[in-house]
1. With the condition kept exactly as written, say whether any residue in the range 121-138 is in contact (Cβ under 8 Å) with a residue 60 or more places away in the chain and out of contact with any strand residue (DSSP E or B) (no Cβ under 6 Å at 6 or more places or on another chain).
2. Here are the criteria: (1) in contact with a helix residue (DSSP H, G or I) (Cβ under 7 Å, 6 or more places away or on another chain); (2) at pLDDT 95 or above. Tell me which single one residue 245 does not satisfy.
3. Counting just the residues of the range 204-256 that are in a loop (DSSP other than H, G, I, E, B) and charged (D, E, K, R), which one comes out surrounded by the most Cβ atoms within 10 Å (Cβ to Cβ)?
4. What number of residues within the range 177-186 are in a helix (DSSP H, G or I) and in contact with a Phe, Trp or Tyr (Cβ under 9 Å, 6 or more places away or on another chain)?
5. Got at least one residue in the range 123-142 being of a type in the set (S, T, N, Q) and within 14 Å of the chain's Cα centre (by Cα)?
6. Listed residues 133, 128; which is modelled with pLDDT of 75 or more, farther than 14 Å from residue 169 by Cβ and surrounded by 15 or more Cβ atoms within 10 Å (Cβ to Cβ)?
7. Looking at the range 1-24, which of the residues that are part of a helix (DSSP H, G or I) and closer than 15 Å to residue 174 by Cα is modelled with the highest pLDDT?
8. Picking from 167, 171, which residue would you name as being within 14 Å of the chain's Cα centre (by Cα), on the phi < 0 side of the Ramachandran plot and in contact (Cβ under 8 Å) with a residue 60 or more places away in the chain?
Amino acid sequence: MTEQEIKILLDKYYKGLTSLEEEGQIKSFFRATDFSDELASDKNLMSLVTSGQAFSPQAKFEFDEKIKAELLKERTDTRKIYWQWSLRGAAAVIFLLASFWLGRISSQSNQKEYLQLQAQVSKMNTELIRTNLRLTSPSDRIKGVQYSYELNSLSNDIIDELAHTLNNDENVNVRLAAGNALFQFAHNEKTKKTLIESINKQNQHPLIQISLINMMFALNEKTAFENIKEAIQNENLPFEDRQRIQKELNSQSRSL
């Protein structure tokens, strides 16, 4: 396979459009040693996605940027652009005003008023995320997921919205983004349970399934082991990945 051909496949991959066979071709290509430095960052990102390693902040940033760059190539009409910028502008105003008033009320020690406004801001955050997650463009839905990164904690409503996206969105990269967002709050029992339950809902999406399993290994989460054992039986998972997962599962099981 030529570098030009692999670049075309990578474009499809970052848009979430590759088949299992094409993803296998990408992995096979990067096992070779003869390719230009231009593809070095892509090789590193592919290795991280399919391994048990955690993303470094820089690697995560590069992966997110590649996905967004591809998704933002989509053509949009004038009304859609206007709507996107209106929504983002409104969001900026909401967050700015909310931060100002929350700080002012808090400094005045008016706890009741502070809690009321905090609840209103939380509701606005939820609506903003929910609105974006229902937009047509994958890049807009990823933006909705990214709003959750600005929160100190996730409400049950937002967890449910992200869980629905993780399990049902038609775009694999939006699903991955939702999974990563939930993982940031894995100390929350509901969030962690959501991730565990999602493992075996991803049998048609091995990349997401592997990502969720890697999250559980990173947490050393023993309650996920039965779900992982079931996932290993998924014939859509590449054989080498099943072997690696089984090996890590055996290793963590021995530490019980």
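1. Yes, that holds for at least one residue.
2. Failed condition: (2).
3. The residue in question is 221.
4. 2
5. Yes, the range 123-142 contains at least one residue that is of a type in the set (S, T, N, Q) and within 14 Å of the chain's Cα centre (by Cα).
6. So the residue among 133, 128 that is modelled with pLDDT of 75 or more, farther than 14 Å from residue 169 by Cβ and surrounded by 15 or more Cβ atoms within 10 Å (Cβ to Cβ) is 128.
7. Among those that are part of a helix (DSSP H, G or I) and closer than 15 Å to residue 174 by Cα, it is 12.
8. It is 171.
The values are calculated or read from the model by the stated rules, or taken from the named source; none is laboratory data. As the structure is a prediction and not an experimental result, all values here were calculated from the model. A quick note on method: Cβ atoms are made from the backbone with ideal geometry, for glycine too, and the neighbour counts reach across all protein chains shown.
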